1. Sort out which residues of the stretch 126-161 are of a type in the set (Phe, Trp, Tyr) and under 29 Å from ALA33 (Cβ atoms), and write them in order of number.
2. When the stretch 116-134 is examined, which residues are found to be outside any loop (DSSP other than H, G, I, E, B), touching a Leu at 6+ places or on another chain (Cβ under 9 Å) and open to solvent by 40 Å² or more (accessible area, probe 1.4 Å)?
3. For the stretch 214-291, which strands (runs of 3 or more DSSP E) that fit wholly inside it have 3 or more residues that are farther than 28 Å from TRP146 by Cβ and open to solvent by 20 Å² or more (accessible area, probe 1.4 Å)?
4. When you scan the stretch 183-196, how many residues do you find that are within 15 Å of the ligand (Cβ to nearest atom) and either open to solvent by 70 Å² or more (accessible area, probe 1.4 Å) or of a type in the set (S, T, N, Q) (or both)?
5. Just to be sure I understand, how many residues within the stretch 156-182 are open to solvent by less than 100 Å² (accessible area, probe 1.4 Å) and more than 12 Å from the ligand (Cβ to nearest atom)?
6. What are the pairs, 6+ residues apart or on separate chains, where a residue within the stretch 213-232 that is aliphatic (A, V, I, L, M) has its Cβ under 6 Å from a residue that is in a loop (DSSP other than H, G, I, E, B) and within 16 Å of the ligand (Cβ to nearest atom)?
7. Take VAL149 and decide whether it is within 16 Å of the ligand (Cβ to nearest atom), in contact (Cβ under 8 Å) with a residue 12 or more places away in the chain and part of a strand (DSSP E or B).
8. Considering every residue within the stretch 159-168, establish whether at least one is within 23 Å of the chain's Cα centre (by Cα) and assigned to a strand (DSSP E or B).
Amino acid sequence: MAAVNSRPARPVLGQNQYGKAENRVVRITRDGATHHIKDLNVSVSLSGDMDEVHYSGSNANVLPTDTTKNTVYAFAKEHGIDSAEQFGIHLARHFVTSQEPIHRARIRIEEYAWDRIEHSGEGAHSFLRTGQETRLTQITYDGSSWEVVSGLKDLTVMNSTDSEFWGYVKDKYTTLPEAHDRILATSVTGRWRFNWTDDAQEAPDWETSYEDAKKHLLRAFAETYSLSLQQTLYQMGARIIEHRSEIDEVRFSLPNKHHFLVDLEPFGLKNDNEVYFAADRPYGLIEATVLREGCEARIPVDLTNL
Ligand SMILES: O=c1[nH]c(=O)c2[nH]c(=O)[nH]c2[nH]1
């Protein structure tokens with residue numbers, strides 16, 4: 001009875017962070033009549049000596065979120081955007097080194113891709129927003145060390161054969177027929193963590209690294225004769241670890257986009273693995289981390305929290 005009342009009553013502030021989320025910035029770089037586009041969605045999150053603003057409302061340590069937004073746009077002009085990672089590193093360094101009360105900056109960036117529209121007119125300034133993946137990065141800086149985690153979401157892929165699923169556990173609730181030739185489809189959400197952590201190390205070529213990591217995960221998806229999505233996932237991560245020495249950890253979240261064979265017998269037709277019903281839910285959700293041996297797992301288990 002007394003136990004509840006005897007607990008200390010004073011509430012204390014826990015983890016806190018603040019900043020401007022989802023600053024949409026489009027940077028055009030002109031090379032004569034040829035234009036280049038970077039299209040980003042940048043979210044800034046700062047933390048440090050922020051007790052007072054929460055306890056008393058004193059804003060003495062608070063760089064306004066409006067200023068963080070302005071900084072994103074000013075940096076796009078002043079420094080350009082070579083890569084989402086480079087831009088995020090620049091911003092994080094600025095906030096932590098220019099403001100004494102700010103001890104940690106986390107910059108999250110989504111990047112939307114544009115392809116050129118091929119045409120016979122003048123100039124190269126027409127673009128088609130590609131419906132493929134969204135590229136992602138998160139930069140965290142505490143004034144001495146960096147953590148860069150990049151990746152992608154919404155990269156939808158399908159193998160129309162070379163996938164089986166059988167030999168699984170069967171209990172009294174199991175109805176799934178074993179499959180010896182099925183469709184394997186997923187929408188890839190992935191993150192990979194770089195082993196670049198301090199300024200003394202040479203930074204990776206972020207653009208090449210992204211393109212190559214994506215190439216390897218796609219090739220692994222295509223080339224793996226799959227006995228389960230789990231096996232395919234592991235191969236996708238392993239291929240990145242094997243080919244990209246700057247990456248120590250890869251995590252994937254792969255929804256199994258089920259394709260069920262339609263029963264055509266009522267119509268007197270044989271379905272020879274040709275006609276499927278594409279179900280959107282529920283879906284199997286296969287998630288795992290692949291690490292370079294000896295390295296620590298630091299990417300959060302739930303990628304929606306990153
Ligand atoms: O690749 C798969 N892995 C599973 O764990 C699973 N479970 C299931 O019902 N279908 C599949 N497919």
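1. Passing the criteria: only PHE127.
2. Residue satisfying the conditions is ARG116 alone.
3. 259-261, 276-278, 284-291
4. Within the stretch 183-196, residues that are within 15 Å of the ligand (Cβ to nearest atom) and either open to solvent by 70 Å² or more (accessible area, probe 1.4 Å) or of a type in the set (S, T, N, Q) (or both) number 2.
5. Of the residues in the stretch 156-182, 7 are open to solvent by less than 100 Å² (accessible area, probe 1.4 Å) and more than 12 Å from the ligand (Cβ to nearest atom).
6. These pairs meet every condition: LEU227/GLU164.
7. no
8. Yes, the conditions are met somewhere in the stretch 159-168.
The values are calculated or read from the model by the stated rules, or taken from the named source; none is laboratory data. Please read all numbers here as calculations on a predicted model, not as lab measurements. Every residue, glycine among them, receives a Cβ derived from its backbone with ideal geometry; neighbour counts consider all protein chains shown. Note: accessible area is taken over every heavy atom of the protein model, side chains too, but ligands, DNA and RNA are not part of it. Shrake-Rupley method; radii C 1.70, N 1.55, O 1.52, S 1.80 Å.
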